[in-house]
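The next block holds one structure in the form of structure tokens; read it before the comments.
Read the figures in this text as sums done on the coordinates, not as results from a lab. Because the structure is a prediction, the values reported are computed rather than measured. For neighbour counting, all protein chains shown are included, and Cβ atoms are generated from backbone atoms with ideal geometry for every residue, glycine included.
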Amino acid sequence: TSEQFLDIDARYASAKALALEAAQLGMDFYRKREALTIEHKGDDLQDVVSIADKQIEAFIRERLTQLFPEDGFLGEESGSADLGARCVWVIDPIDGTACFVNGLHNWCVSIGLLIDGEPHLGAIADPNHNELFNGCLGKGAFVNDTPLKVSAATHVGQGVTATGTFHSRGKEHFIPFMEKLLAEGGMFFRNGSGALMTAYVAAGRLLGYYETELKSWDCMAGLVLVKEAGGQVNDFFRNDGLLLGNPYLVACPGVYPQLAEMIGPSLDD
Ligand code: 2AM
Ligand code: CA
Ligand code: CA
Ligand code: CA
């Protein structure tokens, strides 16, 4: 295939190394977070960002541009370049910024790579728990080199399901979902990082994860992990999902249909 002309191994190794390095940079900021100035995006008080997010993204972007000058890039804080390239990096410098600024240990650095429009590899580094999640199409998914496998559960009552929404929108889908989840004996979880919750589905710690609306940089690295760990994912890329975001569902195969049924048609709108 034409993939043989791309050095996928070099990109996979760089994704892992850069995620770890960026996570250490994040820890330097995190230890001194009291000194950070917190800005709000627009007038949403919950949508926070700091210099840490911007500097970590600039670090990753600069390194990727040096290493793979022909590749495209999409990041939460600095936007996009060359989205028509065969390889497009999709990165979130800090996923879980609200946790980060409040001293909650649930944040990570997420680096994903699309090849010809398909999520191909990803690395998610969580320095507070010393966990590196990584995966590559056809090569499996791992946490600290231990293989990941989704849960074998066949009913939401057998474990914990992650879910999330915005305070300002998505409630009309979120609240009915929550009612059904509880009515069927399920239990909910949210830690504020879409990338980590996705990785936890791949690891079998969570049965599934539904978010009323997610951005591509929240989930790009994690989608590969879930697929390689035997899980199911919705069609996140429809209607320009890469740039605009979409409703999002990942789950183990035994529970995915039950969650999709609870969410209803809005999942595939
Ligand atoms: P972030 O920390 O990179 O902004 C799912 O909850 C994802 O949405 C999180 O991974 C988080 O990514 C983002 N998020 C959480 N609360 C948000 C808010 N109020 N506004 C915008 N994005 C938010
Ligand atoms: Ca953000
Ligand atoms: Ca994010
Ligand atoms: Ca972010």
* Asked: Applying 1/(1 + (r/R0)^6) with R0 = 25 Å to the Cβ-Cβ distance of Leu243 and Ala85, what FRET efficiency is obtained, to the nearest 0.05?
  -> 0.95
* Considering only Pro265, Asn191, Leu207, whose Cα is most displaced toward the positive end of the charge dipole of the range 156-268, charges sitting on Cβ of Lys, Arg (+1) and Asp, Glu (-1)? -> Asn191
* Arranged from highest to lowest average of other beta-carbon atoms within 10 Å per residue, in what order do the peptides 32-44, 235-247 appear? -> 235-247, 32-44
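Please tell me the relative contact order of the range 156-268 in percent, rounded to the nearest whole number, where contacts are Cα pairs under 8 Å and at least six residues apart. If you can, show how the numbers build up before the last one.
On the way: 203 pairs, mean separation 32.2, N = 113.
Value for the range 156-268: 28 percent.
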* Cα-centre dipole for the chain with unit charges at Cβ (Lys and Arg positive, Asp and Glu negative), debye to 20 -> 620
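Which value does Rg/Rh take for the chain over its C-alpha atoms, Rh per Kirkwood? Could the numbers behind the result be given before it?
On the way: Rg = 17.6 Å, Rh = 18.5 Å.
Checking Rg against Rh, the ratio lands at 0.95.
Whole number please: convex hull volume per residue, Cα atoms of the range 127-269, in Å³.
On the way: hull volume 14.9 nm³, N = 143.
Expressed per residue, the convex hull around the Cα atoms of the range 127-269 is 104 Å³.
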* **J(HN,Hα) series, the range 226-238, from Karplus relation 6.51 cos²θ - 1.76 cosθ + 1.60, nearest Hz, glycine and proline x** => 5, 4, 5, 8, x, x, 10, 10, 7, 7, 5, 8, 5
* Structure fact -> Expressed in µm² per second, the diffusion coefficient of the range 2-139 from the Stokes-Einstein equation, with Rh the Kirkwood radius over alpha carbon pairs, at 20 °C and 1.002 mPa s, is 139
* Any idea how far the Cα center of the range 178-220 sits from the one of the range 223-251, in Å? -> 12
